[in-house]
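Novice: Here it is, the structure, as structure tokens.
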Amino acid sequence: MRSVRQLQSLVALVTPLLGAVVLLLQTGCLSHEGKSQFYSYCDDTGCYQCNEIGCNGVAGQQPGTSCKTSAQCAAGCYCSADGKCSEAGFCDRVADCSTGYTCNTARHSCEPTSTPKPPTTCRVQSDCGAGYECFNTACKPVPVPPNHCVFNRDCGSGAQCFDGLCQKPCADDGSCGTGRSCVSGRCVAPPPDKTACASNAQCGAGQTCIDSVCHLGCSKDAECQAANKNDLCVSSICRPNEGRVAECKINSDCSGGRECVNAQCRSACFANSDCAACTDGTQCSSGYCLTAREVAPACVLASGCQSGTPHCVDGSCAK
């Protein structure tokens, strides 16, 4: 039989370990996508991400510190309305977060759900809100391609990524797709026109009214481009081509020994020091030099932004 002293020693050893496990269970979120179980938590020394091996510190400010955007806070935290980082948990999908929170997949962080539901009916886009369009008198989410833009760089020189769609450079309205006007050198949505169409019935046969503009119906791109060379056929409707612009297709398209990664020329790296003089960015992440915003964007689409700054522009929330 074990002596009392031996049992006391065993209890003294096990108790702190149990306490640590309980702490992690209380303060972190569990990944459910086939990865090893891991947790994130913060204390007065900083914020950490843990797995079965141990814990490593993560970049960003800890709960209670001042912030202006969630991107300044550590993973698992967000910038609350009082301008301080608050902990809500690590996530890979919405189901990982508590009720009232959504998953910012770019930051793997739960953040408060702040995008209000649009009204049922509308006449112009401004009746619906960011990320929605007025489609035949009803507010519907704006369709974006699966591999949509996040950063201006995704859209080519002189362009801007606005809520996942590329506002491409232009010289005049003729350079833009249906429903877009050339303003300050970019193709953007024109001001609301309440005298134009609101419903399909106010357009010609087979046309659809979207944001006060009649769009032709189609079955292939060529049908759209016969009327406007800047359009594509999307779900049987001619819409402006606002998809990403490839910088490269193969490594030989890039200069200076850079590699073609996801249609962009990138400089390979092993550490931040390799990126010190790199024009792509000064942070080494996933083997390539990136900007700080690319490593941790504050948003990906309008749904990741709050009402005061409802649009996602170049990876940051803006008015």
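Conditions (1) among the small types (G, A, S); (2) assigned to a loop (DSSP other than H, G, I, E, B); (3) over 26 Å from the mean Cα position of the chain (by Cα), marked per residue:
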| site | (1), (2), (3) |
| --- | --- |
| A205 | yes, yes, yes |
| K229 | no, yes, yes |
| C248 | no, yes, no |
| S252 | yes, no, yes |
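Novice: Does S70 satisfy being surrounded by fewer than 19 Cβ atoms within 10 Å (Cβ to Cβ), at pLDDT 80 or above and not aromatic (F, W, Y)?
Specialist: no
Novice: Among the listed residues S316, S267, S236, identify the single one that is surrounded by fewer than 19 Cβ atoms within 10 Å (Cβ to Cβ), over 19 Å from F162 (Cβ atoms) and of a type in the set (G, A, S).
Specialist: S236
Novice: Please go through segment 254-275 and give me each residue that is part of a loop (DSSP other than H, G, I, E, B) and not polar (S, T, N, Q), ordered by number.
Specialist: Of everything in segment 254-275, those that are part of a loop (DSSP other than H, G, I, E, B) and not polar (S, T, N, Q) turn out to be C254, G256, G257, R258, A263, C269, F270, A271.
Novice: Output the residues belonging to segment 208-225 that are farther than 18 Å from D173 by Cβ and either surrounded by fewer than 18 Cβ atoms within 10 Å (Cβ to Cβ) or at pLDDT below 95 (or both). Can you show your working first?
Specialist: Residues of segment 208-225 that are farther than 18 Å from D173 by Cβ, as a first pass: 208-209, 217-223.
Of everything in segment 208-225, those that are farther than 18 Å from D173 by Cβ and either surrounded by fewer than 18 Cβ atoms within 10 Å (Cβ to Cβ) or at pLDDT below 95 (or both) turn out to be G217, S219, K220, D221, A222, E223.
Residue by residue, here is whether (1) of a type in the set (V, I, T); (2) without any contact (Cβ under 8 Å) to a residue 40 or more places away in the chain; (3) outside any helix (DSSP H, G or I) holds:
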position	(1), (2), (3)
S86	no, yes, yes
E111	no, no, yes
A130	no, no, yes
P143	no, no, yes
H148	no, no, yes
D154	no, no, no
S157	no, yes, yes
A171	no, yes, yes
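Novice: Could you please let me know if P240 is touching a helix residue (DSSP H, G or I) at 6+ places or on another chain (Cβ under 7 Å) and touching a residue at least 24 places away in the same chain (Cβ under 8 Å)?
Specialist: When the stated conditions are applied, P240 does not pass them.
Novice: Identify, from the list C260, C284, C265, the residue that is closer than 28 Å to K68 by Cα, touching a residue at least 12 places away in the same chain (Cβ under 8 Å) and not aliphatic (A, V, I, L, M).
Specialist: Going through C260, C284, C265 in turn, the sole match is C284.
Novice: I would also like to ask the following. Which one of V142, V150 is in contact with a Pro (Cβ under 8 Å, 6 or more places away or on another chain), surrounded by 14 or more Cβ atoms within 10 Å (Cβ to Cβ) and closer than 30 Å to R266 by Cβ?
Specialist: None of the others qualify; the one that does is V150.
Novice: Looking at D274, D280, D231, D253, which one is charged (D, E, K, R) and closer than 30 Å to I210 by Cβ?
Specialist: The match here is D231.
Novice: Moving on to the next point. Search segment 193-208 for residues that are farther than 23 Å from T120 by Cβ and pair each with any residue that is at pLDDT 95 or above when their beta-carbon atoms are under 6 Å apart and the residues are at least 6 apart or on different chains.
Specialist: G206/G217
The values are calculated or read from the model by the stated rules, or taken from the named source; none is laboratory data. Keep in mind it's a predicted model, so treat the numbers as computed, not measured. Methodologically, a virtual Cβ is constructed for each residue, glycine included, from the backbone with ideal geometry; neighbour enumeration extends over all protein chains shown.
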